[in-house]
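Note sheet for the following structure.
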Amino acid sequence: MDYAATFLSRLPGASRRGHGLRRLVDTLKSYLPDEHIEQVLSAYEFGASAHEGQTRKSGEPYITHPVAVAQELAEMHLDAQAITAAILHDVVEDTSASLDDIEEQFGHEVAQLVDGVSKLDQIQFRSRAEAQAESFRKMMMAMIEDIRVILVKLSDRLHNMQTLGAMPAAKKKRIARETLDIYAPIANRLGINRLKIQLEDLGFKHLYPFRYRVLDNALRKSKGTQRQIVKRISEEFVKSMAEEGIDGEVIGREKHLYSIYKKMAEKKRLLADVVDVYGFRIILDDVNTCYQTLGLIHGLYKPMPGRFKDYIAIPRINGYQSLHTTLFGPKGLPLEVQIRTREMDRVAESGVASHWLYKADEKSDATPQRRAREWLANLAELQQSGTSEEFLESVKVDLFPDKIYVFTPKGDIMPLPKGATTVDFAYAVHTDIGNRCVAAKINRGLVPLRTPLANGQTVEIITARGAKPNPNWLTFVRSAKARTAIRNHMKNLRAVESVDLGKRLLDKSLKDLGSSLRKVGKVRMAAALEELGLNNTAELFEQLGLGERLSPLTARFLVGIDENGEADKNIASLVIAGTEGMVISYAKCCYPIPGDDVMGYLTAGRGVVIHRNQCGNLSNFRKQPEKWIAVSWEKDIDRDFSCQIQVETRNRTGVLAEIAATIADSGSNIEQVEVLGRHEDCSVLSFLLLVHDRVHLAQIMRDVRKMSHVIRVSRDCA
Ligand code: MN
């Protein structure tokens, strides 16, 4: 007798029958060596004694739950570590056994897995929309570290859903919603169809018990007649295939309740339309035979136009492969047929888990694994930049995919999120291409960069050396990759600019105190940096430039004057040239232009915002004088600034066009026009213009004022 048999025979009667261990051992024997099964059995012993005396809500001994979780994973042929961890997954949370005990007895890897699952247990999601971003991020991070953690968790959730039992309805609903919103999509994204389907059906059952019952009954009723039709057509398929010498299996497909419900809800179909669809799956040995068989059945029944999908050539994002077609069957009944190889069928069922035991063989290019790995690597990269909310947004796009497929000029397929633009495409090809793209062609025609793409288009990106990403792109890109890349670029750019500005700010503040960077000297600077916890002056300048640290205070600190020490204020001012980039911006409330009297307001993370002295926002000055700094304009500034004017006119046709023409004649561009008010015989228009400076603006206003229907021209200042 082998070890497992001896072990099982030693167990007391009840556990042999009730705990599901025998079945688990049978499943494991089909793919694991004996020594691995021994490890699983000792985990069972460890778990059973740790959970001793605890019961499930159903009254069964607690250990039945972890064994059931392990069973599900064993059916997907997961390795011994994962099975062992599944058996021990609740031990640390719910019993006095510690992680160290597990590590000592079962090794580091198993302990890590158990720890990962225990941590996930502490996370509760309310719904997809409300999922706490940080919790969600933790979950994803656990998954990135070891994907087996999430497989144990999904299987744990499945068994809990199967045994929800007599819980209060409100609690059931919460768990059901969480299952539909978070766990089923993750199972789907990882391609584990068997888990996804069960999670969805159980989630549906507990969230909408009434709808579930109605649907379930309707399906049951139609099953008798269905079965006959399915049988007849299957036989017909098999016969035709045999005549062509094709060896394959034809299976009548069972309906998955939740998918029927979703079809009804989303496509507003009637129950009868959805139920009377017959599903078939044809399993074959190789890909060529799949296409051959497709041709064959298209000869038997006419295919419905637009319903054929080739997921063999273009796999779904989670690695799923199959041919899909719908035929007009007898009496016009729709027949949905899936055709795929045995291997594809296995992948369709277990997705990322389907090649588990081969994972050591890195050469095997198992698609779902590769895709899962790519996805997770992507997530890992994402989470290093950006907030939890951004991360959640990005992951949501991934988990609830709505993909389009476009082609590169070489004919490679590129999957992108729905609504993706040419810029998303450029970044999907390569970050460098995205960063340097200046124009795009769709099907060989030039289009604006913001153009959304549609399925099947061929997209070509035109790049230019030295071109840079435009912050404006953030308003239309859809993919997380593009968004992250553009943000990173901005961040780097801003770092350089802010060092420069910070240095000037500090210099100015030191001058106010009658000092300078040179006078402060290297020794004092080094000591100060150390006291501030900074590594070098560049870091200090950057913080100053970004407004995270205030230059007047830093200057005092450097020259050794305490907080209350008096110093001459505003002797020198910060001179701005309009070329500082993103660290200096111009307030949209008062639109300052060169020549205006201005002040600068330090905003943490955004550098200095310039306001006109008349601006209403300067009332803040009293409250936070340390944040306002004196600013003056450089003499010759060679760029245009936005500026707003209001024009009151009599209502005459064409008056707006005339004003626009006058403004254009004065060498200005109009960025925006708005009608602020319209009365019986006059209107107030607001123009946003680009001007060089005050002199230029004055000239424009004079020209407009001279026009016959213009009553008044003024510059706003909120
Ligand atoms: Mn559990």
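Return a yes/no flag: does region 202-223 have any residue that is outside any helix (DSSP H, G or I) and either open to solvent by less than 40 Å² (accessible area, probe 1.4 Å) or within 16 Å of the ligand (Cβ to nearest atom) (or both). Spell out how you get there, then give the answer.
First, pick out the residues of region 202-223 that are outside any helix (DSSP H, G or I): 208.
Then drop every residue that is not either open to solvent by less than 40 Å² (accessible area, probe 1.4 Å) or within 16 Å of the ligand (Cβ to nearest atom) (or both), which leaves none.
Within region 202-223, none of the residues are outside any helix (DSSP H, G or I) and either open to solvent by less than 40 Å² (accessible area, probe 1.4 Å) or within 16 Å of the ligand (Cβ to nearest atom) (or both).
If you take the residues in region 338-370 that are of a type in the set (Val, Ile, Thr) and in contact with a Pro (Cβ under 9 Å, 6 or more places away or on another chain), which one is modelled with the lowest pLDDT?
The qualifying residue modelled with the lowest pLDDT is Thr367.
Would it be correct to say that Gly411 is at positive phi, exposed (fewer than 15 other Cβ atoms within 10 Å of the Cβ) and outside any helix (DSSP H, G or I)? Show your work before the answer.
Values: at positive phi: yes; exposed (fewer than 15 other Cβ atoms within 10 Å of the Cβ): yes; outside any helix (DSSP H, G or I): yes.
Criteria met by Gly411.
Residues in region 674-696: is at least one touching a residue at least 60 places away in the same chain (Cβ under 8 Å) and exposed (fewer than 13 other Cβ atoms within 10 Å of the Cβ)?
yes
Just to be sure, is Leu32 assigned to a loop (DSSP other than H, G, I, E, B) and not aromatic (Phe, Trp, Tyr)?
Working: assigned to a loop (DSSP other than H, G, I, E, B): yes; not aromatic (Phe, Trp, Tyr): yes.
In short, yes.
Given the criterion farther than 23 Å from Lys231 by Cα and either crowded, with 17+ Cβ neighbours inside 10 Å or under 34 Å from the mean Cα position of the chain (by Cα) (or both), identify the matching residue among Asp286, Asp310. Write out each step before concluding.
Numbers: Asp286 fails: either crowded, with 17+ Cβ neighbours inside 10 Å or under 34 Å from the mean Cα position of the chain (by Cα) (or both).
After ruling out the rest, the residue left standing is Asp310.
Would you point out which residue out of Leu553, Leu534, Leu574 is more than 30 Å from Asp638 (Cβ to Cβ) and modelled with pLDDT under 85?
Numbers: Leu534 fails: modelled with pLDDT under 85; Leu574 fails: more than 30 Å from Asp638 (Cβ to Cβ).
Selected residue: Leu553, the only one of Leu553, Leu534, Leu574 that is more than 30 Å from Asp638 (Cβ to Cβ) and modelled with pLDDT under 85.
If I go through region 508-528 residue by residue, how many of them are of a type in the set (A, V, I, L, M) and buried (at least 16 other Cβ atoms within 10 Å of the Cβ)? Show your work before the answer.
Looking only at region 508-528, we keep the residues that are of a type in the set (A, V, I, L, M), and these are 510, 513, 517, 520, 523, 525-528.
Cutting the leftovers down to buried (at least 16 other Cβ atoms within 10 Å of the Cβ) gives us 510, 513, 517, 520, 528.
Here the count works out to 5.
Quick grid of which residues meet (1) outside any helix (DSSP H, G or I); (2) within 13 Å of the ligand (Cβ to nearest atom); (3) within 37 Å of the chain's Cα centre (by Cα):
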residue	(1), (2), (3)
Leu41	no, no, no
Glu45	no, no, no
Gly59	yes, no, no
His65	no, yes, yes
Ala68	no, yes, yes
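Return only the number of the condition from (1) open to solvent by less than 30 Å² (accessible area, probe 1.4 Å); (2) over 39 Å from the mean Cα position of the chain (by Cα) that Val609 does not satisfy.
Here Val609 meets the rest and fails (2).
Look at region 192-245 and say how many of its residues are out of contact with any helix residue (DSSP H, G or I) (no Cβ under 7 Å at 6 or more places or on another chain), within 30 Å of Thr293 (Cβ to Cβ), in the same structural domain as Ser259 (by TED's automatic domain parsing) and not acidic (Asp, Glu).
Result for region 192-245: 16.
Limited to region 165-190, what total is found for residues that are within 15 Å of the ligand (Cβ to nearest atom) and surrounded by 16 or more Cβ atoms within 10 Å (Cβ to Cβ)?
Total meeting the criteria: 4.
Condition check: assigned by TED's automatic domain parsing to the domain that holds Lys508 and more than 30 Å from Val499 (Cβ to Cβ). Does Gly616 satisfy that? Please lay out each step first, then the result.
On the way: assigned by TED's automatic domain parsing to the domain that holds Lys508: yes; more than 30 Å from Val499 (Cβ to Cβ): yes.
Criteria met by Gly616.
Just name the residue that is farthest from Pro33 (Cα to Cα) out of those in region 72-122 that are open to solvent by 20 Å² or more (accessible area, probe 1.4 Å) and within 14 Å of the ligand (Cβ to nearest atom).
Here the residue is Gln122.
Please specify each residue of region 673-696 satisfying the condition of being in contact with a strand residue (DSSP E or B) (Cβ under 7 Å, 6 or more places away or on another chain) and more than 13 Å from Gln646 (Cβ to Cβ). Break it down into steps so the answer makes sense when it comes.
If we filter region 673-696 for residues that are in contact with a strand residue (DSSP E or B) (Cβ under 7 Å, 6 or more places away or on another chain), which is where we start, we get 673-677, 681-691.
Within region 673-696, Asp681, Leu690, Val691 meet the criteria.
Name, by its number, the condition in (1) open to solvent by 40 Å² or more (accessible area, probe 1.4 Å); (2) of a type outside the set (Gly, Ala, Ser); (3) outside any helix (DSSP H, G or I) that does not hold for Glu531.
All conditions pass for Glu531, except number (3).
Go through region 437-461 residue by residue and tally those that are crowded, with 16+ Cβ neighbours inside 10 Å and farther than 18 Å from Gly419 by Cα.
Total satisfying the criteria: 1.
Report whether or not His51 is within 14 Å of the ligand (Cβ to nearest atom), touching a strand residue (DSSP E or B) at 6+ places or on another chain (Cβ under 8 Å) and either open to solvent by less than 10 Å² (accessible area, probe 1.4 Å) or not hydroxyl-bearing (Ser, Thr, Tyr) (or both).
Here the answer is yes, as His51 does meet what is asked.
Might you check whether a residue that is loosely packed, with under 15 Cβ neighbours inside 10 Å and outside any loop (DSSP other than H, G, I, E, B) occurs anywhere in region 647-658?
yes
The values are calculated or read from the model by the stated rules, or taken from the named source; none is laboratory data. Since this is a predicted model, take the numbers as computed values, not measurements. As a convention, Cβ positions derive from the backbone with ideal geometry for all residues, glycine included, and neighbour counts pool all protein chains shown. The area values use the complete protein model at the heavy-atom level, side chains included, leaving out ligands, DNA and RNA. Shrake-Rupley method; radii C 1.70, N 1.55, O 1.52, S 1.80 Å.
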